[in-house]
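Novice: Have a look at this one before I ask anything.
The values are calculated or read from the model by the stated rules, or taken from the named source; none is laboratory data. Model, not experiment: these values are computed from the prediction. Heads up, the Cβs are rebuilt from the backbone with ideal geometry, glycines too, and the neighbour counts pull from every protein chain shown. For the accessible areas, the whole protein counts, side chains as well, though only heavy atoms, and no ligand, DNA or RNA atoms are used. Shrake-Rupley method; radii C 1.70, N 1.55, O 1.52, S 1.80 Å.
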Amino acid sequence: MSNLIKIQLPDGSIREVPAGTTPFDIANGISPRLAAAVVVARIRPLTTVAVNENEAALEQSEEAMYSGPASSAERIVGLSTPLHEDVTLELLKENDPASLRVARHSAAHIMATALLELFPETKLGHGPATDSGFFYDVYREVPFTEADLAAIEARMADVVARDEPFVQILEPRDQALADYKSDAEFMKIHFIERFTKPGDEISLYRNGNFTDFCRGPHVPSTGRVKAFKVTSIAGAYWLGDENNQQLQRIYGTAFFNAKDLDAHFKQLEEIKARDHRVLGKQLDLFSIQEVAGAGLIFWHPKGGLIRKTMEDWMRDECIRRGYQMVFTPHIMRRELWKISGHEENYAENMYPPMELDDAEYRLKPMNCPGHILIYKNSPKSYRDLPQRYAELGNVYRYERSGTMHGLLRVRGFTQDDAHIFCTPEQIESEVEACIDFAESVLKTFGFEKFLVELSTWDPKDKKFIGSADKWENAVGSLTRVLDRKNIPYKTIPGEAAFYGPKIDIKLVDVLGRLWQLSTVQFDWNLPARFDLEYIGEDGAPHQPVMVHRALFGSVERFFGVLIEHYAGAFPMWLAPVQVGLVPISEKHHDYAKSVQQRLEAAGLRVEADLSNQKMNAKIRDFGLQKVPFILILGDKEAASDSVSVRVRAKGDEGSVHLDAFLDRAKKLVANHSMEL
RNA sequence: GCUGAUGUAGCUCAGUGGUAGAGCACUCCCUUGGUAAGGGAGAGGUCAUGGGUUCAAGCCCCAUCAUCAGCUCCA
């Protein structure tokens, strides 16, 4: 005689059903149409008080794909999973994001099904859902070709058309291992051995003739995955370790309907249209020249102008906030890099030494040693501290050949770098000021959201130098600063630099993407290595503490992110050309020249199109260049000293007096306005 | 660095072994116009680089460089 369990539905009603009842049974009991529409179910044991965040996070992890579910947390189950305890039950339809994730995991199984039907020699790794689709890592001697991918996709359509139910099979571990061993499925064997214990019953899912080691859940049947595409193939290391065998990773994406799939590819096109490498060419901002080498940026006049504007702002702001601008050499003697520890710890990222006269020199990968030499050049009193040295310093780092990416990952870049030498007592206020500064940078450049991470040490990890009390003090001050400023943050133990803890600020762009740029780091290692001192109130020498901070991070990377954030449509103060002039015909050229002169005299950047093209073509050209304002100049305007204003993304606003426009334009620039 | 793909005019791309193509951009001519492409003519290429196969290579083979999608690593 089976026990009764309680099922609570979202409306609060409770049903008593026999243990072993499935979510499908419940749905079907409500209405067969509902049962047909439901994809998966979300359950939470009724006894649970609150969802544990860590357990929820674990749900997404690789570990969770195979090992048992976190017992007390809410979880997603398939419709045919028998329920054996009192739970709240939510029946999820296709519009729930959790359903889509499950469907994509099912799509990975469908792809594996198709793959093994076509290429039975293939060995399977793992095939999870991702944020935008799914992939399956597989091993096969022969690389898959584009044609193979198309064939796989076509066969997937067959698997979907067969509408094979996904069925969970619980099997003794030994038997599963024996089966996989006989098939030489070395990766599946590894996963079973890693994620299950001897004596466990392990979970497999079968659809048709295909069975996979998998915890689930899945959609009810292959027919539920209506729209999918095999998108690409790439290499991936077995277990993410580059010393291991490389596998073939086949990517795909899946949706419940063709409309969503289309929308997904449309969105990819939009992202591509924002790509800073594409816009960099279209707007003539920068280039990378093969003959000069990979990862080295050429700033063209228009990009250079934006950079100059960014840097001017940054320098002015540094000075306003009590920094002193310094400049340090690009190459320095090897000896210096030995003292700083770079020879020892950073050599693989540095360019090899070059010999000059009797000595060896190395290109700088960081600015800190240079700033330290300035500090060290004269004795310092506690009255001199803090010393804040800032530099827009060009550094060069060797990056492996496959890693470069436009402006975002390069071999030569400019850090807006500063080093603050201060007493331990000054740390908190200095860090607080750095965070204020960082916030101001993000706000000024139009980013509204950011995330903060506090990276701390792991006392068990030997790579961290310095005593426990030093670490605790430092982490304590950082924590206090963040708490006092009411900034939410995530603590990441073990992610600190080896010499001290750090605060990283990741900004969120218009598309919701995260970018790591600003960082504020602690350091008591370099002051010790260089024997830095100041004379304290007690007349005795003390060692200062150093704060490293970069706010743009790298000017190149920040610029790349800006291009994507604005989709190339820079706000007025940054736009390389702020006003485009369109004289309607040649007889308006003189008026155009006088307007240009007056706008330029007021400090605006103006370009006049005096070609013999039609007005519409001129407007189009300025429009494609994303110029904020286009002024149309014809008889009416010339007669009344006015301009007809066309605003980027808004269109024709009619004529106004030139002085009125000038006033508006100057205000937009002065206020760093994001709007026009 | 690894796996796969790609490299043809300033840009976007076509060209499967037999004398290098298109559109846009550029130059010149015509056109002088009211809010996103007026018309015509011309000029422009060591087909990434270096080897090889072939009577003949942009095309086939090898190597190198660069780019792209990932992996790994990072500001």
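Novice: Checking the table A:LYS593/A:LYS636; A:LYS188/A:LYS463; A:LYS587/A:LYS636; A:LYS308/A:LYS626; A:LYS93/A:LYS449; A:LYS462/A:LYS485 against a 22 Å threshold on Cα-Cα, which pairs fail?
Specialist: Working: A:LYS593/A:LYS636 16 Å; A:LYS188/A:LYS463 34 Å; A:LYS587/A:LYS636 12 Å; A:LYS308/A:LYS626 19 Å; A:LYS93/A:LYS449 31 Å; A:LYS462/A:LYS485 32 Å.
Check vs 22 Å cut-off fails for A:LYS188/A:LYS463; A:LYS93/A:LYS449; A:LYS462/A:LYS485.
Novice: Check each of the chymotrypsin sites (Phe, Trp or Tyr not before Pro) in the range A:246-343 and keep only those in coil by DSSP with at most 15 other C-beta atoms within 10 angstrom; list them in order.
Specialist: Details: sites: A:TYR251, A:PHE255, A:PHE256, A:PHE265, A:PHE286, A:PHE298, A:TRP299, A:TRP313, A:TYR323, A:PHE327, A:TRP337; in loops: A:PHE256, A:TYR323, A:PHE327.
Hits after loop and neighbour filter: A:PHE327.
Novice: Of all accessible surface on the range A:495-634 at a 1.4 Å probe, what whole percent is carbon and sulfur?
Specialist: Details: 2450 of 5070 Å².
Roughly 48 percent of what the probe reaches on the range A:495-634 is carbon or sulfur.
Novice: Further question on the same structure: Of A:GLY512, A:LEU532, A:HIS548, whose Cα points farthest to the positive end of the dipole of the range A:510-569 (charges on the beta-carbon: +1 Lys, Arg; -1 Asp, Glu; origin at the Cα centre)?
Specialist: The one lying farthest along the dipole's positive direction is A:GLY512.
Novice: Okay, helix-only estimate at 222 nm for chain A: each DSSP H run of n ≥ 4 adds -39500 (n - 2.57), divide by all residues, round to 500 deg cm²/dmol; what do you get?
Specialist: Values: 22 runs with 244 residues, N = 676.
The helix contribution divided over chain A gives -11000 deg cm²/dmol.
Novice: Considering every Cα-Cα pair within the range A:516-590, what fraction, in whole percent, is farther apart than 18 Å?
Specialist: On the way: 1886 of 2775 pairs.
Every Cα pair in the range A:516-590 considered, those over 18 Å come to 68 percent.
Novice: Per 0.36 nm of contour for each residue apart, how much would the distance between A:ALA37 and A:ASP131 grow if the chain were fully extended, relative to their Cα-Cα spacing? The partial results should precede the final answer.
Specialist: Working: separation 94, 0.36 × 94 = 33.84 nm, distance 2.30 nm.
Here the segment from A:ALA37 to A:ASP131 would lengthen by 31.5 nm.
Novice: To check my understanding: the extent here is largest minus smallest coordinate of the Cα atoms along each principal axis. What are those three numbers for the range A:346-390, in Å, largest first?
Specialist: Principal-axis extents of the Cα atoms in the range A:346-390, largest first: 41, 24, 15 Å.
Novice: Report the far tail of the P(r) of the range A:220-368, meaning the percent of Cα-Cα pairs longer than 19 Å.
Specialist: On the way: 8551 of 11026 pairs.
It works out to 78 percent of all Cα pairs.
Novice: Is the range A:569-620 best put as rounded, prolate or oblate by its Cα gyration tensor, with a ≥ b ≥ c the root eigenvalues, rounded for a/c under 1.5, and otherwise prolate when a/b is larger than b/c, oblate when not?
Specialist: Numbers: a/c = 3.70, a/b = 1.37, b/c = 2.71.
It is oblate, given that a/c is not under 1.5 and a/b is not larger than b/c.
Novice: Once you wrap a convex hull around the alpha carbon atoms of the range A:98-160, what is its projected area averaged over all directions, in nm²? Can you show the working numbers first?
Specialist: Details: hull surface 16.9 nm².
Spelled out: convex hull of the Cα atoms, projected over all directions, averaged, 4.2 nm².
Novice: Which aspartates and glutamates, if any, have their Cα less than 17 Å from the Cα of A:LYS460, not counting same-chain residues under 8 positions apart?
Specialist: Output for A:LYS460: A:ASP469, A:GLU472, A:GLU495.
Novice: Answer rounded, prolate or oblate for the range A:353-469, using the Cα gyration tensor with square roots of eigenvalues a ≥ b ≥ c: rounded when a/c is under 1.5, else prolate when a/b is larger than b/c, else oblate. Intermediate values should be presented prior to the final figure.
Specialist: Values: a/c = 1.42, a/b = 1.10, b/c = 1.29.
Verdict is rounded for the range A:353-469.
Novice: Now, a different point. Counting only residues 5 or more places away or on other chains, whose amide H sits under 5 Å from the amide H of A:GLN324 once H atoms are built in the peptide plane?
Specialist: The list, which skips near neighbours in sequence, is A:ARG388, A:TYR389, A:ALA390.
Novice: Using alpha carbon centroids, what distance separates the range A:278-344 and the range A:232-247, in Å?
Specialist: Taking the Cα centre of the range A:232-247 as reference, the centre of the range A:278-344 is 34 Å away.
Novice: Looking at chain A, do any whole DSSP H helices span at least 15 angstrom along their long axis by alpha carbon and average 0.0 or above on Kyte-Doolittle, and which?
Specialist: Values: long enough: A:97-118 (31 Å, 0.63); A:146-162 (25 Å, 0.38); A:258-274 (24 Å, -0.98); A:301-320 (28 Å, -1.01); A:427-444 (25 Å, 0.36); A:468-484 (23 Å, -0.59); A:555-566 (16 Å, 0.49); A:589-601 (18 Å, -1.24); A:658-670 (18 Å, 0.35).
The answer, listed by residue number, is A:97-118, A:146-162, A:427-444, A:555-566, A:658-670.
Novice: Taking 0.36 nm per residue of separation and subtracting the Cα-Cα distance, what length does fully extending A:ASN28 through A:LYS593 add? Show your work: numbers first, answer last.
Specialist: Values: separation 565, 0.36 × 565 = 203.40 nm, distance 7.67 nm.
So the chain would gain 195.7 nm between A:ASN28 and A:LYS593.
Novice: Please work out the Kirkwood hydrodynamic radius for the range A:194-306, using every pair of different C-alpha atoms, and report it in angstroms with one decimal place.
Specialist: Numbers: mean 1/r = 0.0515 Å⁻¹.
For the range A:194-306, the Kirkwood estimate is 19.4 Å.
Novice: Still on this structure: Looking at the square roots a ≥ b ≥ c of the eigenvalues of the Cα gyration tensor of chain A, which shape do they give, rounded for a/c under 1.5, prolate if a/b is larger than b/c, or oblate? Spell out each step's value before the answer.
Specialist: Values: a/c = 1.99, a/b = 1.36, b/c = 1.46.
Verdict is oblate for chain A.
Novice: Can you work out the base-10 log of I(q)/I(0) for the range A:77-224 at q = 0.09, 0.12, 0.17, 0.20 1/Å, using the Debye formula on its C-alpha atoms alone?
Specialist: Summing over Cα pairs of the range A:77-224 leads to -0.29, -0.53, -1.04, -1.37.
Novice: Another question, if that's okay. Of A:ILE319, A:SER287, A:GLY303, which is farthest towards the positive pole of the range A:286-328's charge dipole, taken about the Cα centre with +1 and -1 on the beta-carbons of Lys, Arg and Asp, Glu respectively?
Specialist: A:ILE319
Novice: Using a 1.4 angstrom probe, figure out how much accessible area the range A:268-390 has per residue, in square angstrom, rounded to the nearest whole. Display every interim value, and only then the final one.
Specialist: Values: 6930 Å² over 123 residues.
With all protein chains present, the range A:268-390 gives 56 Å² per residue.
Novice: In debye, nearest 20, what is the charge dipole magnitude of chain A about its Cα centre with +1 on Lys and Arg Cβ and -1 on Asp and Glu Cβ, if you could check? Please list the in-between numbers first.
Specialist: Working: 80 positive and 97 negative charges, 296 e Å.
Dipole of chain A, to the nearest 20 debye: 1420 debye.
Novice: Counting pairs of Cα atoms in the range A:172-238, how many percent are more than 13 Å apart? Don't jump to the answer; show the numbers that get you there.
Specialist: Working: 1595 of 2211 pairs.
More than 13 Å apart: 72 percent of the Cα pairs in the range A:172-238.
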